[in-house]
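Here is the structure we will look at, set down as structure tokens.
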Amino acid sequence: MLKVENLTSYYSNIKILKNLSFNLEKGKVLCLLGRNGAGKTTTLKSLMGLVDKTEGKIIFNGEKISGISAHLIPQKGIGYVPQGRRLFSELTVEENLEIGLLTRKKGENIKNNVLTMFPRLRERLDQISGTLSGGEQQMLALARALCIEPSLLLLDEPTEGLQPSMISLIRKSILELKKQGVAILLVEQRVEAILSIADEILVIENGSIVYTAEANEVVKDHKKLYSFLGV
Amino acid sequence: MDLGPYLLFASLEGLVHAAVLSLIALGLSLVFGVMRIVNVAHGEFFMLGAILAWWVSSFVLGNPALGFLLALLVAPIIAGIIAMFSDWLILKHLKYDPEATIIATIGILYIIQQAALMTFGPDARPVEQPFNVRLDLYWFGFSAYKFFVIFASIILLLSVWLVMAKTKFGLLLRATQLDSETAQAFGIPISTVYSLVFGAGAAIAAVGAVLIVPIQQAHYLMGGEPLLLAFIVVIIGGLGSLRGTVAAAVLIGMSDGIISVFFSPTLAKILATLLVVFVLLIRPNGLFGTAKV
């Protein structure tokens, strides 16, 4: 489904990612781990076409998407939940969902499905999104990305700053999406939050992949992973 | 004339001024709000609207109403196209960098100004009013056309508000204004949005010019003063706030009109500039602006 070959990204002339290569299959969860500033968010942004200068190849569903304009990426079926949610904070919940539906024709059906998944948002459709609680904002960020009906979902620290009940709800949603066949590329800081949902783990350090493992291997032996993360 | 009627007269003059100023400032505010660039060339799009109004109406001499209607249609379109071309040729390549675009729009200002001078000459050009009716307001007579200017400006302001608040295109603009990177991640083609907004900002200023040019005259240097006042308006109102822009335009336009009638236009400008300093000290983001994190 997603094939990344020698992805190199720059901010101005500074090389942030160095020859990243990995694959992600349908219905699988690939988790990117790494310390702050390692290049995890830049990896997701590069896949979304939001980094000015990239090299290498990104192939999604057999089509080369590297180099195309950022606004064409969601049309291909890639949804994105940015770090810090990045809601359109002065727009209502409904307007945020409308933005998510821009690339889809059967908007009303999709919106209903998404609101069935997050019923609390249905009660708050007219509320300005910036006034929602942190957990509700994260739900909305996820719901907005799901409005694209993605076959690949990029999640950047979706549980950051959330209370345990919300983390469990987000985790449940990820598992449900995985069951539906959505491929998920998940960036996380908290190892324990992802071990039970990830299929594969990638550790990035200074823009390069330094460790890869199947999640079940890591479950058996944490030590090596933790040594890379400095835990 | 007694003080009361004189004050009413000055207020009406101020309202006409405020109406046109709100259109010019609206264009400037729209461009800053969505694109985050300070368009120093904005006054030249206003000037272009006025000169094009004279040029277009000169084709239908003897029928000022038709000439005016034609100008109202053609001048904003041409000003908008020139603005979109400038965006495509220059601003896009600067990646809308806030500092670089200030310098670039100063360049655009001089190019448009000197092109207007070379094409249409240095003379002030009069444009006839589309209708010449004088309303008797008991104490004094007042041009019906000036009421039309106020009315037309209100209609245009309401139309822009409706587009922004109630249409899908307005939703795209607001989303781009709030977070252009995330907007792209949801399929919004921000370079197209920027181009349209830059064109629309210029076109709205040009409409203001077409409306005012039968009262003033068209001249290639007429863009400077409205630009200064429009900056004052958007700073007082809050950069990027449409509501604030209209409120500040009424405040500045009315005070400018009244002070100009009672004292002098120079004093009006001095007081408006002092008001900016005062507002910036009390509310650095303007009356209706919000702090961006």
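Tabulated values for the structure
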| item | result |
| --- | --- |
| Long pairs among A:Lys53/B:Lys168; A:Lys26/B:Lys95; A:Lys26/A:Lys111; A:Lys40/A:Lys64; A:Lys18/A:Lys105, criterion Cα-Cα beyond 29 Å | A:Lys53/B:Lys168; A:Lys26/B:Lys95; A:Lys18/A:Lys105 |
| Area hidden from solvent between A and B (accessible, protein heavy atoms only, 1.4 Å, total, Å²) | 1900 Å² |
| Of the DSSP H helices in chain B, those whose Cα atoms cover at least 18 Å axially and whose Kyte score averages 0.5 or more | B:3-35, B:42-57, B:64-89, B:98-120, B:144-166, B:190-212, B:224-237, B:242-262, B:265-282 |
| Protection-proxy order for peptides A:105-111, B:64-70, each taking the mean of Cβ atoms within 10 Å per residue, highest first | B:64-70, A:105-111 |
| In Å², nearest 10: area of A:His222 left accessible to a 1.4 Å probe | 70 Å² |
| Local net charge near B:Thr167, Cβ-Cβ under 14 Å (Lys/Arg +1, Asp/Glu -1) | +1 |
| In order through the stretch A:126-141: 3J(HN,Hα) via Karplus (6.51 cos²θ - 1.76 cosθ + 1.60), integer Hz, x for Gly, Pro | 8, 7, 5, 5, x, 9, 6, 6, x, x, 5, 5, 5, 4, 5, 4 |
| Per-residue HN-Hα couplings for the stretch A:110-116 [Karplus 6.51, -1.76, 1.60; θ = phi - 60°; Hz; x = Gly/Pro] | 4, 4, 4, 4, 5, 6, 5 |
| Crossing angle, helix A:164-179 versus chain A [Cα axis fit, 0-90 degrees, rounded to tens] | 80 degrees |
| Charge sum, other residues only, whose C-beta stays under 10 Å from A:Val114's C-beta, Lys/Arg counted +1 and Asp/Glu -1 | +2 |
| Residues with amide H under 5 Å from that of B:Ala218, placed H, sequence gap 5 or more | B:Arg125, B:Val127 |
| Rounded percent of accessible protein surface that carbon and sulfur make up, the protein assembly as shown, 1.4 Å probe | 60 percent |
| Euclidean distance of C-alpha centroids, the stretch B:29-98 and the stretch A:70-95, integer Å | 33 Å |
| Amide H contacts of A:Tyr80 (H built 1.01 Å from N, under 5 Å, at least 5 apart or other chain) | A:Leu154 |
| Residue with peak Gaussian network fluctuation, chain B [Cα springs, cutoff 10 Å], from B:Gly199, B:Gly237, B:Gly187 | B:Gly187 |
| Of all DSSP beta bridges in the protein assembly as shown, antiparallel share, percent nearest 5 | 60 percent |
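The values are calculated or read from the model by the stated rules, or taken from the named source; none is laboratory data. Since the structure is predicted, the reported quantities are computational estimates derived from the model, not experimental observations. When we count neighbours, we look across all protein chains shown, and the Cβ atoms used for this are built from the backbone with ideal geometry, even at glycine. Calculation scope for accessible area: heavy atoms of the full protein, side chains included, ligands and nucleic acids excluded. Shrake-Rupley method; radii C 1.70, N 1.55, O 1.52, S 1.80 Å.
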